[in-house]
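Quick notes on the structure that follows.
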Amino acid sequence: MPEVLILANETIGGQALLDAIVERAQQGDSPGFHVCVPTIRPPYGNVIYDDAVRDSAQVRVDLALSFMEQEGIRGTGEVGDQDPFNAATDALAVHPCDEIIVSTLPPTESKWLRRDLIGKLQADTGLPVRHVIVDLARDGLPFDVTLVVANQTAAGGELEERLKALASEGPRRFIAVVPQDSGDGTACIAATGRLKQLIADLRDVGIVAAGMIGHPDPYTAVLNAVAYFHISDIVISTLPSNRSEWLKNDLPEKVRSATGKEVIHVESTADEPAGAEA
């Protein structure tokens, strides 16, 4: 059976690419698809957390594979090198494919096209390369994307109920960001555990979600996520107002002002440990 490599980054949820995947899957030779998403360095924050950089690309891989699973399409995926050409050739070395689909922004916006990525891949691999243009500025995405920001309250019942209500309103994907409490290794492990629990809880109730750990400063974590992804609205989950450092620092209003997005504040009533929010 043929295998198709899909190389995409921020355009991976675009309707034109999703249509191209479905069209190719329905051609009768039962192809499999291997998604490769190059990493992108975050634009905000003086300290770069490699796990967060990789996780942001993994979110795109996970959401693409969720779409394929819903469509009954066989798919695998990986995070690639920050250079898209190296990402593609590395993927092909381990996961040989018979053709390539490359998705980019329009020519006036695409750094990949300015570097002649399509021509270089055709010349180096000898494979047919299909180019799919996704104009996010004009068309947006075929679903809403809600950014969910939480720390100790990530597994709270109030948060899950609010997300279930949003999911019932129409097609929607959820991207969760759990900021680290600090920059040390234990904080990263703790944040990863909370993130995995939140994603598992959402998927258990049929919600399409993926996530990443974030910068210890929740404001920086939000700005990085909004720069990474095409976000429709933002849900911020905090401890009760008398114990929340995020609310003392006016996080919801600062995020609303900086992003221009609708910000939904969910306040936990659970008895979480004191000092849980960095």
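Computed from the coordinates by the stated procedures, all read-outs in this text should not be read as laboratory data. Remember, it's a predicted structure, so these values are computed and weren't measured experimentally. Positions of Cβ are backbone-derived with ideal geometry, glycine not excepted, and every protein chain shown enters the neighbour counts.
Below, the figures for the structure above:
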quantity	calculated
Charge dipole (segment 3-138, unit charges on Cβ, about Cα centre) - positive-most of CYS36, LEU17, LEU5	LEU17
Positive-end extreme of charge dipole, segment 132-278 - chosen from SER268, PHE143, ILE199 (charges on Cβ)	PHE143
Check: the chain dipole with +1 on Lys, Arg Cβ and -1 on Asp, Glu Cβ, in debye	420
Spherically averaged projected area of segment 143-267 from its Cα convex hull (nm²)	6.9
Amide H contacts of GLY14 (H built 1.01 Å from N, under 5 Å, at least 5 apart or other chain)	none
Rg/Rg_ref, the chain, where Rg_ref = 2.2 N^0.38 Å and atoms are Cα	1.03
Surface/4 estimate of mean projected area, convex hull on alpha-carbon atoms of segment 3-138, nm²	8.4
Cα long-axis angle, helix 84-94 against the chain (0 to 90 degrees, to the nearest 10)	70
Net lengthening on full extension, LYS120/GLU69 (0.36 nm per residue, minus Cα-Cα)	15.3 nm
Segment 75-81 - phi-based ³J(HN,Hα) in whole Hz, Karplus 6.51/-1.76/1.60, Gly and Pro as x	x, 10, x, 7, 8, x, 4
Nonlocal amide H pairs with THR76, under 5 Å, H built at 1.01 Å	PHE33, HIS34, VAL35
For the chain, calculated [θ]222 nm from helices alone, where every DSSP H run of n ≥ 4 adds -39500 (n - 2.57)	-12500 deg cm²/dmol
Linear extension gain, ARG203 paired with GLU109, 0.36 nm per residue minus alpha-carbon span	30.4 nm
Estimated distance in nm for a label pair at GLU161 and ALA187, the labels positioned 7 Å out from Cα along Cα-to-Cβ	3.2
Contour minus Cα-Cα distance for ARG130 and ASP81 (0.36 nm per residue)	15.6 nm
